[in-house]
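Okay, so here's the structure we're looking at.
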Amino acid sequence: MTLRRHLTSWLFLSPLLVVLIPFFVLPFIVVLTASFFDSDGFGGLLPTFTLVNYANLFTSSLTLNLYLATLKFTVLTWFFSLILGFLVAYFLAFHVRNPLLGIGLFLLCTVPFWTSNIIRMISWIPLLGKEGLINMALLKLGLIHEPLEILLFSSVAVVIAYVHQLTIFMIVPIFNSMARIDKRVVEAALDAGASRLDIMRLIVIPMSKSGIALGSIFVVSIVMGDFFVVKVMSGGGSASVVGAFYEDISVLQYPSAAASAVVLTVALMVLIGLILRTVDIRREITR
Amino acid sequence: MATGQGHIELAGLCKSYDGVTMAVDGVNLKIEDGAYCCFLGPSGCGKTTILRMIAGHEDPSAGEILIGGENVVGMAPVERRTAMMFQSYALFPHLTVRDNIAFALRVRGLSKAERNKAADAMIEKVRLTEFADRLPAQLSGGQQQRVALARAAITQPRVLLLDEPLSALDEQLRVQMRQELLRMQRDLGITFIHVTHTQMEAIALADMVVVMDRGHIKQAGPAREVYATPRDRYVAEFLGGQNVLAAKVRTVAGGRAVVASPTVREIEVPLAGRSFSAGDAIEFAVRRDDIVLKRPGPDAVAPDTAALSSRVTGVEYQGSFVKVMLDALGREDFIAYVPERTFFRDPVAIGDVVLATWPVEHAHLLA
Amino acid sequence: MTMAKEALGPAAAARRRSRSRQGALAPGRKGRPWTFYVLAAIFTLYVVALYGPMISIYILSFQDIRGGLVFPMKGLSLHWFNDLFTQVRTGDVKGSFDRSIKLAGLVTVITVVVSFLAGLAFRRRFFGDTVIFYLMIGSLVAPGLVLGIGTGLLFNWLGLETAWYTSALGAQLSWTLPFGVLVMFAVMSRFNKAWEEAARDLGATPWQTIRLVIIPILAPGLVAVALFGFTLSYDEFARTLQTSGSLNTLPLEIWSMTLNVTSPSLYALGTVTTIVSFLIIGIGLGSITLIQKRRARGGAAGH
């Protein structure tokens with residue numbers, strides 16, 4: 001009887017597997033395989049077994065720079081989106097007293113998520129550009145005399161675009177955890193003489209841990225896997241691991257691109273694995 | 001063997017979820033057709049598991065369940081012709097009262113007209129006609145309970161299984177709905193099995209009370225029998241209303257034993273035909289409402305009366321009676337229920353020394 | 001309001017749970033503390049920054065023919081919308097738009113059905129459930145471009161043509177399905193198992209239980225999954241880039257435009273896609289409201 005139960009579960013899951021195996025497992029195996037192949041220099045693959053792609057990858061100083069650049073964007077984006085997302089979620093969960101208003105404000109934050117990311121990124125151009133609104137305003141105010149070039153097509157622009165896109169991924173899970181905090185716990189702490197800082201440090205942050213972890217997973221994996229924002233918003237000035245991967249692909253350097261992709265994916269999985277160790281997200285979601 | 005449709009027999013029934021601990025451990029029981037049977041026990045005693053096994057929502061690890069003389073283990077709930085009323089009712093939130101009640105007919109393929117006719121008749125029976133088009137969320141707790149009852153009854157089951165049916169209601173409504181349940185049972189004329197952890201509910205409703213503890217039946221019998229003559233300390237304490245005393249036999253004579261303990265001086269206890277010898281440990285119960293409090297004095301204790309000298313440690317006014325707490329047993333409770341008028345003829349106060357007395361024949365020997 | 005509650009799933013549920021004690025919001029029982037004003041200011045700035053840039057490009061898309069990519073507006077016109085759909089220079093906007101809608105529709109249907117079934121399976125533990133769960137998480141977080149290229153290569157090695165309705169469909173599903181199942185988890189966590197048992201008790205077959213009890217009760221949650229499926233597919237870029245074959249989807253079209261086109265038609269395209277997104281959100285939230293309304297109306301008749 002229990003066997004039948006397991007089989008039923010697997011039957012219900014089979015459609016999921018029918019998608020995930022050919023479109024996640026197999027493609028990854030393909031990339032992994034290609035990373036051990038040799039290139040014939042004309043875009044063809046020579047089915048041999050060689051570690052030369054990995055050797056090139058690990059000996060090239062370019063690799064290190066790429067990873068450092070990607071890591072820089074990941075850490076900056078993660079940091080700013082966490083701070084901003086946490087504050088916004090905290091405001092919604094603890095300071096908005098009218099629940100209807102709370103839901104309204106929450107929706108207000110989530111609506112842009114349903115619209116195109118690319119468009120949202122492009123929309124910074126008329127604001128941050130050399131003749132953009134911000135420069136114009138600063139010039140008019142006399143705060144600057146020359147337009148700031150650093151606003152658009154720079155690392156600053158990349159981070160702004162990322163934070164703009166991804167803070168929502170922090171707000172939703174953190175808000176979810178915070179909404180579950182029994183407000184009476186906070187009251188009890190106040191009655192016991194806890195300061196606002198104590199409450200934040202001893203109650204709110206520990207109890208929002210799962211939301212923070214979930215949000216971090218989304219933000220880290222999206223930034224590390226992205227190349228589009230870096231390419232457009234840095235104006236070609238910055239590179240990223242996936243960006244370089246894409247360049248390799250466009251010049252048909254499949255094996256070296258594949259090796260880089262494998263290393264990136266493994267690094268990403270390790271990072272996500274570390275985050276997952278701090279929280280049982282399956283239990284958190286189904287709770 | 002002539003067994004009624006709703007006659008139930010549990011034979012060697014066992015259930016273990018993990019293969020180690022037994023949730024239900026070898027239960028044997030016969031429930032008469034048309035009886036109102038209450039399973040009573042604390043949470044985790046296995047009573048709900050038994051109910052769910054009878055309903056067919058759990059399979060027993062061992063043993064048989066016979067309904068109307070037929071072993072139903074392995075059958076689907078419909079085939080058993082049982083119906084269950086779930087704890088907090090499990091009414092379908094998206095269906096109106098009528099559609100909830102007609103659900104069983106809908107899945108049997110009856111036409112809309114047919115099932116609405118049957119459902120409306122049932123709705124009238126539970127007096128919900130004006131609420132037929134409402135959703136469960138728009139009903140009060142008592143109304144929801146009647147919908148749940150009607151939904152279960154429309155399948156014309158031979159057994160209705162009720163899992164804590166009154167626990168979602170407030171105190172006053174609970175007492176009202178007890179009558180509703182009894183009326184419904186008489187109307188339907190079928191076996192009701194009702195699971196509860198509330199003693200008052202069980203003895204008020206049941207023809208047969210089954211007291212359970214850790215997967216075992218401790219005592220099964222008519223409500224009065226279980227309340228007035230509990231078999232052992234567990235049953236006596238769980239049903240309440242009893243003082244339980246433990247002591248050692250000093251002497252035996254004329255069907256009575258003289259017993260004593262460190263806290264109790266010599267007291268006579270009727271042995272109800274059982275034989276003991278000096279030195280045996282026994283436990284017996286004395287009903288709280290059998291205790292008569294007397295001021296100490298030369299003629300305070302009549303013949304054939306047992307008496308304990310004690311100090312009053314607490315007094316609680318209960319309306320129709322007064323609950324007087326005594327230190328007769330040291331740290332264990334010893335309580336007297338004194339009728340209200342009797343108490344106020346000569347009220348005792350905390351610290352007073354009194355004699356707690358009872359007719360020797362009213363002491364009940366426990367297993 | 002009810003629609004919002006359902007659409008937000010667990011967040012709203014939690015909020016609803018806490019509603020009964022809203023009076024107990026602790027720091028600030030007597031008046032607002034200073035932190036309230038600071039946080040309110042941060043929140044306002046966030047919302048302004050969230051919407052400001054988008055609104056500015058919607059405005060700029062109505063730029064006059066003489067106008068450029070930045071303010072000021074040189075006049076109002078629909079020139080760039082016209083340009084968008086006529087100029088060869090901007091590529092096949094209409095065709096890619098068409099494909100994106102069709103693809104998103106396909107992805108939505110498949111995502112709802114498959115996530116629903118997986119959600120049913122994941123309600124209890126079974127042999128291998130953790131493996132599948134982490135497989136899903138892996139598929140969710142893996143770099144999309146890498147998977148897309150892997151899929152492209154796989155098709156190549158198998159001698160299959162990549163196309164938006166085969167390889168791109170699968171590649172997008174490998175991203176929308178884990179998302180959908182996670183949303184389903186949250187939706188399912190509010191489903192009382194006793195409803196299912198009650199249905200069984202009353203004689204419903206497993207299929208009747210799903211059709212008459214589980215699906216109707218979970219309907220708002222399923223619409224939310226659909227909304228996710230549609231918008232995630234409609235905006236998907238990285239996984240589609242190498243798998244869509246010779247014909248572009250809309251995000252790919254926008255991508256090539258960002259590299260080539262330096263006129264406000266880019267903004268016009270942004271405005272058009274956003275209108276479509278809002279239509280979809282409207283349909284999604286609207287249908288959730290409708291479900292709730294119909295239920296409420298069913299109840300109102302008895303008053």
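The values are calculated or read from the model by the stated rules, or taken from the named source; none is laboratory data. As the structure is a computational prediction, the values presented were derived from the model and not from experiment. Methodologically, a virtual Cβ is constructed for each residue, glycine included, from the backbone with ideal geometry; neighbour enumeration extends over all protein chains shown. Protein only, heavy atoms only, side chains kept; ligands, DNA and RNA dropped before computing areas. Shrake-Rupley method; radii C 1.70, N 1.55, O 1.52, S 1.80 Å.
With no solvent and one point per C-alpha, what does the Debye sum give as log10 I(q)/I(0) for segment A:26-172 at q = 0.11, 0.18, 0.19 Å⁻¹? Debye intensities relative to I(0), on a log10 scale: -0.72, -1.10, -1.13.
For chain A, return all DSSP H helices satisfying: extent of Cα atoms along own axis at least 20 Å; mean Kyte-Doolittle hydropathy at least 1.0.
A:2-20, A:61-90, A:155-180, A:209-225, A:254-278
Spread over its residues, the convex hull of the C-alpha atoms of chain C is 220 Å³ per residue. What a 1.4 Å probe finds exposed on the protein assembly as shown is 61% carbon and sulfur by accessible area, rounded to a whole percent. Computed log10 I(q)/I(0) for chain A at 0.08, 0.11, 0.16 Å⁻¹: -0.50, -0.87, -1.29, from the Debye equation with unit scatterers placed on every C-alpha and solvent omitted. Helices in chain C that qualify as membrane-span-like (whole DSSP H runs, Cα extent of at least 27 Å along the helix axis, mean Kyte-Doolittle hydropathy of -1.0 or higher) are C:34-60, C:93-121, C:167-188, C:215-235, C:265-300. If you plug the beta carbon distance of B:A113 and B:L173 into 1/(1 + (r/R0)^6) with R0 = 41 Å, you get a FRET efficiency near 0.75.
Residues A:L62, C:L252 ordered from highest to lowest accessible area at a 1.4 Å probe: A:L62, C:L252. Overall dimensions of segment C:177-303, expressed as equivalent-ellipsoid semi-axes from the Cα gyration tensor (√(5λ), whole Å, largest first), are 41, 19, 10. Legend: distances between Cα atoms for B:K294/B:K323; A:K231/C:K102; B:K117/C:K293; pairs beyond 22 Å are A:K231/C:K102; B:K117/C:K293. Principal axis extents of the C-alpha atoms in chain B (largest first, rounded to whole Å): 83, 45, 38. The equivalent ellipsoid of segment B:19-152 has semi-axes of 32, 17, 13 Å, largest first, where each one is the square root of 5 times an eigenvalue of the Cα gyration tensor.
Checking an interface number: how much accessible area is buried between C and A, summed over both chains, with a 1.4 Å probe, in Å² rounded to 100? That pair hides around 10100 Å² of surface in total.
The listed residues A:R201, B:R287, once ranked by accessible area (1.4 Å probe) with the largest placed first, stand as A:R201, B:R287. For segment A:202-277, the Kirkwood hydrodynamic radius comes to 14.1 Å, computed from all pairs of different C-alpha atoms.
Summed over qualifying helices (DSSP H, 4 residues or more, each -39500 (n - 2.57)) and divided by its residue number, chain A shows a 222 nm mean residue ellipticity of -22000 deg cm²/dmol.
Give the calculated FRET efficiency between C:R190 and A:V18 to the nearest 0.05, with a Förster radius of 30 Å applied to their Cβ-Cβ distance. FRET efficiency, C:R190 to A:V18: 0.60.
Kirkwood's formula applied to the C-alpha pairs of segment C:44-88 gives a hydrodynamic radius of 11.5 angstrom. Among beta bridges from DSSP that stay inside chain B, the antiparallel ones total about 75%. Using a probe of 1.4 Å, the accessible surface attributed to B:S310 totals some 10 Å² when neighbouring protein chains are kept in position. Bridging of C:K74 to lysines at a Cα separation below 23 Å is possible for A:K130, A:K140, once same-chain residues fewer than 8 apart are set aside. In terms of Cα atoms, the Rg and Dmax of segment B:38-99 work out to 13.9, 40 Å. Note that the protein assembly as shown presents 43 Å² accessible area per residue, ligands and nucleic acids not counted, probe 1.4 Å. Extending 7 Å from the Cα toward the beta-carbon at both C:Y165 and B:R341 defines two label points whose distance is 9.3 nm.
Is segment B:93-212 rounded, prolate or oblate when judged by the Cα gyration tensor, a ≥ b ≥ c being the square roots of its eigenvalues, rounded requiring a/c under 1.5 and prolate requiring a/b larger than b/c? Prolate, since a/c reaches 1.5 and a/b exceeds b/c. Label-to-label distance, A:E247 versus B:D232, with points set 7 angstrom from Cα along the beta-carbon direction: 8.2 nm. Residues whose amide H comes within less than 5 Å of that of B:T305, counting only those at least five positions distant or on another chain, are B:V360 (H built at 1.01 Å from N in the peptide plane). Applying the Kirkwood pairwise sum to the alpha-carbon positions of the protein assembly as shown produces a hydrodynamic radius of 33.5 angstrom. Entry note: segment C:92-260 has Rg to Rh equal to 1.06, where both radii use alpha-carbon atoms and Rh is the Kirkwood radius.
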